[in-house]
Structures are given as C-alpha cells and as structure tokens.
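Asks: Starting off with a structure, shown below.
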Amino acid sequence: MYNRLTTFIESNEVLTKAQHGFRTKKSTETALQIFTKSVQEAIERKLNPIGIFIDLTKAYDVLNHRVLLSKLNSYGIRGVANLWFVSYLSRRKQCVEIKEQEARNICINHKGNYTRHAAGLNAWPIIVFTI
C-alpha cells in the first residue's frame, strides 16, 4: 500500500515541492538546507529573516479521520484504496498502561474520548491497537 500510495502522490503531484517529510530524496535535512540558504540570502540583502517552528509530532493524535478520508478522496484515492484507509482508521483505540497509576489503562479512541480500563498486564508502556 505504501508503494502504491507514494507512486500515486508523486505522479499526480498531490504534495507541494515545499513538502519534505515522507518524500523520496527529501527529509528534514533537505528542508533545513533550503531554510538556511533562504536565511543567508535574506541577510545578504539586509533583510531581517524570521523563522517560526511548529512541532506537529502529535498532529495525528487529534486528526479528524473523516476530514482525512475526505481529503484522500478529493486527491483521487478512491475505491478499494480509500476503503482500506476507512478500515484501518475505524474503531481504533490506543491504550497505555502506567505502573504508577495502579495498573490501570488510559485509553483514547479515535474521537479523542478518554476511558479507564482495569489492566492485568505489568509491562510499561503498553500500546494496544484494536480493530
């Protein structure tokens, strides 16, 4: 699925050229090189460059799955491929057991609702994904 999706995204130019994450021959390093070059050029032109950095590492935790599926559909990812994503994102829970919390699991479902469940496992942390 990864190869098919990557090929589709690249061949249909779904992402902008400024997108460096999750792209072939691009990375956070290439993004930093481009940013550094633009800052140097701005300084040479006597401008005052400003950088704003936003940490999006937790973005997936709050991502609305309906919006994501709609976006995929609008980009042309339909039919079986879209149904695969629907299946993957449906009825998921993430649970983490923390020993200091009296062996209780704190679970977050795909809608962001928190629930507590009794736990019989001792490992820490435990992440459980269920379909």
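The values are calculated or read from the model by the stated rules, or taken from the named source; none is laboratory data. Note that the structure is a prediction, hence the values are computed from the model and not measured. Glycine also receives a Cβ, built like all others from the backbone with ideal geometry; neighbour counts cover every protein chain displayed. In case anyone asks, the SASA skips ligands and DNA or RNA and just uses the protein heavy atoms, side chains included. Shrake-Rupley method; radii C 1.70, N 1.55, O 1.52, S 1.80 Å.
Asks: Going down the table (Lys37/Lys71; Lys17/Lys58; Lys37/Lys58; Lys25/Lys46), which pairs top 26 Å between alpha carbons? Mind showing how you got there, number by number?
Replies: Working: Lys37/Lys71 32 Å; Lys17/Lys58 23 Å; Lys37/Lys58 28 Å; Lys25/Lys46 32 Å.
Checking Cα-Cα distances, Lys37/Lys71; Lys37/Lys58; Lys25/Lys46 exceed 26 Å.
Asks: Now for a different question. If R₀ is 25 angstrom, what is the calculated FRET efficiency for the pair Arg91 and Met1, using the beta carbon separation as r and rounding to 0.05?
Replies: Values: r = 19 Å, r/R0 = 0.77.
Between Arg91 and Met1 the formula returns 0.85.
Asks: With every protein chain in place, what's the accessible area of Lys71 (1.4 Å probe, Å², nearest 10)?
Replies: Accessible area, nearest 10 Å²: 110 Å².
Asks: With a 1.4 Å probe and all protein chains in place, put Val39, Val80, Val67 in order of accessible area, largest first. Mind dumping the intermediate values first?
Replies: On the way: Val39 35, Val80 120, Val67 85 Å².
My answer, sorted largest first, is Val80, Val67, Val39.
Asks: Taking the Cα-to-Cβ direction at Thr24 and at Phe8 and moving 7 Å from each Cα, how far apart do the two end points lie in nm?
Replies: Computed distance between label sites Thr24 and Phe8 equals 1.7 nm.
Asks: With θ taken as phi - 60° and the coefficients 6.51, -1.76 and 1.60, list the Karplus ³J(HN,Hα) couplings across the range 67-74 in order, rounded to whole Hz; mark glycine and proline as x.
Replies: Couplings: 5, 4, 5, 5, 4, 4, 4, 5 Hz.
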